[in-house]
Amino acid sequence: MACLALAAPALADGPAGLGERAQSILTAENLFGSLETDTERGEDRRTSLTQKYMPGGGLSQLGYHRVVAPRVTLGANLHAYRVKIDDADSASWGVMLRPRVGYALPLSPLFAVWPRGGLLLAHGGGHDTQTTALAAGVDALVALTPAPHVGIFGGLLFEAPLWGRHKTEGRDSQRYLLSQTGLTVGALVDF
């Protein structure tokens, strides 16, 4: 009788969800969606660019997130790119690192809410320029895991500028501010 009474609470809890069943979460982010990027360079140069995410489109990120406390995740996403225009002698390149702290709240074994927050560290350059930017970011994500340890997720992301510099060879550096707003869809594996 005592064994049945001790086992009953464990059965009532049901299967574990995202953030509870595994210690590591590997993500492929920005597989689908769109991103609005706004930049401000110096006092008078502002640009806005809307990009669509597609697999193989060059905007995807890989991420690794570790469950460090019950449901609390700590990790980062990495995006690196190199672009060469046909007629240009040089290429532009860049690296973006997004460290994130999150809270994976499973509402069921199949569905979870996963808000995350952190920084965006970006550095890139071209023929005679280099740009560095720092922004604060928030990701409001929901995850669906129809099969154990495999799922998809999506949601909104927002990054607000904190600091940045743009340097062109032979000129003084200028202030550079980067902000992003978007909708993202990705895939995850937890293990």
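Points worth noting:
- Top-ranked residue in the stretch 68-95 [being surrounded by 12 or more Cβ atoms within 10 Å (Cβ to Cβ) and of a type in the set (S, T, N, Q); ranked as modelled with the lowest pLDDT]: S92
- Residue count, the stretch 121-130 (criterion: crowded, with 16+ Cβ neighbours inside 10 Å and either in contact with a Leu (Cβ under 7 Å, 6 or more places away or on another chain) or among the charged types (D, E, K, R) (or both)): 1
- Within the stretch 43-71, the set of residues being part of a loop (DSSP other than H, G, I, E, B), in contact (Cβ under 8 Å) with a residue 24 or more places away in the chain and touching a Phe, Trp or Tyr at 6+ places or on another chain (Cβ under 8 Å) comprises P55, G58, L59, S60, R71.
- Tallying residues that are small (G, A, S), more than 22 Å from P109 (Cα to Cα) and either outside any strand (DSSP E or B) or free of Cβ contacts under 8 Å to residues at least 24 places away in the same chain (or both) within the stretch 147-191 yields 2.
- Counting only residues that are under 17 Å from H79 (Cα atoms), modelled with pLDDT of 95 or more and buried (at least 18 other Cβ atoms within 10 Å of the Cβ), the stretch 32-67 holds 2 of them.
The values are calculated or read from the model by the stated rules, or taken from the named source; none is laboratory data. Remember, predicted model here, so these are calculated numbers, not experimental data. Reconstructed Cβ throughout: ideal geometry from the backbone, glycine too, with neighbour counts over all protein chains shown.
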